[in-house]
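Asks: Before anything else, here's the structure in question.
The values are calculated or read from the model by the stated rules, or taken from the named source; none is laboratory data. Keep in mind the model is a prediction, meaning the values are calculated, not measured. Positions of Cβ are backbone-derived with ideal geometry, glycine not excepted, and every protein chain shown enters the neighbour counts.
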């Protein structure tokens, strides 16, 4: 009998030990925030008030949604700051929810920000979205605006560290009113060390920033490969689209897009590794030049420029410009190729190694 009782108590002890080791609140796959939320459960029936709380309550790879736009009886109109160190999707569809700032900093993580208004108007901060480490960032259907305070004043800063190759995807978004007049801007891509970036900006408006889209590779040895498609960059205080490098490859393909009414250059490529290819793109009405290349390559095919364009002349044949540029900068091109059809820049996925393909000019 004593052996039976001892066995029962032993089993009971094991059960209690497991119970003690089990957390009271398991993390959610899907968490919720509300302007009038409380607590840390972050469920649909008991949402939490802050985005950072919901992030902590959600498993890696999970989803955070907004029940409302974030306004509450105390006058708050934002879900605050979020620091992401794990893969996560934040999607506030249908609410126009406000967020102060989002920081992404975790090795190998993939983050999606969707349907957010990231507004720095009332916050003394430097970045709307600050990518410091990770595998990929997707910004979809977002508005990032009013990051203008002294300091960095940047809408999206994408800065993978040494040894990390990261992807940036910005689609169907508006990036506006960022920068302090002399520095900062809309989208700044700036890897450090051997860090590298593969970026796609599609169906996005970048307007009224100090710098529009700035691929800055002056401090790195990795590459920046950027494809801008079906997008508009306008009313920048300085340059619209810039490729800066101290020698590392910084290549931008601009396709069916516009750079308009910028205070400096519409499109600027500077440094021996700077490469910009344009197809069916409009560049016009700038304070200095439409296109400017300094020890770089600017290769337009099927583009339109305004009267301020300098390199090349608006009247110059696109096929001639492309052929001459590629012959002197990327080749050797066989002599027989000089009578070939106009050249099309390589697709974004095949920028390196260089491949020259015949195509017709639209």
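Asks: Consider residue 30 carefully, then state whether it is within 30 Å of the chain's Cα centre (by Cα), surrounded by 11 or more Cβ atoms within 10 Å (Cβ to Cβ) and either in a loop (DSSP other than H, G, I, E, B) or modelled with pLDDT of 95 or more (or both). Let's see the steps before the verdict.
Replies: Working: within 30 Å of the chain's Cα centre (by Cα): yes; surrounded by 11 or more Cβ atoms within 10 Å (Cβ to Cβ): yes; either in a loop (DSSP other than H, G, I, E, B) or modelled with pLDDT of 95 or more (or both): yes.
Yes; evaluated as a whole, the condition is true for this residue.
Asks: Inspect all residues belonging to region 39-62 and state whether any of them is over 28 Å from the mean Cα position of the chain (by Cα), modelled with pLDDT under 90, farther than 19 Å from residue 112 by Cα and not in a helix (DSSP H, G or I).
Replies: no
Asks: Scanning region 33-53 for residues that are touching a residue at least 24 places away in the same chain (Cβ under 8 Å) and under 15 Å from residue 99 (Cβ atoms), which turns out surrounded by the fewest Cβ atoms within 10 Å (Cβ to Cβ)? Walk me through how you get there before you give the answer.
Replies: We begin by selecting, within region 33-53, every residue touching a residue at least 24 places away in the same chain (Cβ under 8 Å); these are 33-37, 49-52.
Retained after the next criterion (residues that are under 15 Å from residue 99 (Cβ atoms)): 33-35, 37, 49-52.
On the way: 33: 30, 34: 23, 35: 22, 37: 24, 49: 21, 50: 19, 51: 29, 52: 17.
The extreme case among them is 52.
Asks: Taking residue 108 as the residue in question, decide whether it is out of contact with any strand residue (DSSP E or B) (no Cβ under 6 Å at 6 or more places or on another chain), in a loop (DSSP other than H, G, I, E, B), farther than 29 Å from residue 67 by Cβ and modelled with pLDDT of 95 or more. Show your work before the answer.
Replies: Details: out of contact with any strand residue (DSSP E or B) (no Cβ under 6 Å at 6 or more places or on another chain): yes; in a loop (DSSP other than H, G, I, E, B): yes; farther than 29 Å from residue 67 by Cβ: yes; modelled with pLDDT of 95 or more: yes.
Here the answer is yes, as residue 108 does meet what is asked.
Asks: Regarding region 140-148, can at least one residue be identified that is surrounded by fewer than 22 Cβ atoms within 10 Å (Cβ to Cβ), touching a strand residue (DSSP E or B) at 6+ places or on another chain (Cβ under 6 Å) and assigned to a strand (DSSP E or B)?
Replies: Scanning region 140-148, I find at least one residue that is surrounded by fewer than 22 Cβ atoms within 10 Å (Cβ to Cβ), touching a strand residue (DSSP E or B) at 6+ places or on another chain (Cβ under 6 Å) and assigned to a strand (DSSP E or B), so the answer is yes.
Asks: May I pose another question? If you go through region 116-139 one residue at a time, how many are under 14 Å from residue 172 (Cβ atoms) and surrounded by fewer than 19 Cβ atoms within 10 Å (Cβ to Cβ)?
Replies: 1
Asks: Among the residues in region 141-155, are any more than 29 Å from residue 36 (Cα to Cα) and under 14 Å from the mean Cα position of the chain (by Cα)?
Replies: Yes, region 141-155 has at least one match.
Asks: Determine which member of the set 185, 181 is buried (at least 19 other Cβ atoms within 10 Å of the Cβ) and within 20 Å of residue 259 (Cβ to Cβ). Step through it out loud before you land on a result.
Replies: On the way: 181 fails: buried (at least 19 other Cβ atoms within 10 Å of the Cβ).
Every option except 185 fails the conditions.
Asks: May I ask you to list the residues in region 160-176 that are surrounded by fewer than 21 Cβ atoms within 10 Å (Cβ to Cβ) and assigned to a loop (DSSP other than H, G, I, E, B)? Before the answer, list the steps.
Replies: Pass one, region 160-176, residues surrounded by fewer than 21 Cβ atoms within 10 Å (Cβ to Cβ): 161-163, 165, 167, 169, 171-172, 174, 176.
Those that are surrounded by fewer than 21 Cβ atoms within 10 Å (Cβ to Cβ) and assigned to a loop (DSSP other than H, G, I, E, B): 161, 162, 163, 172.
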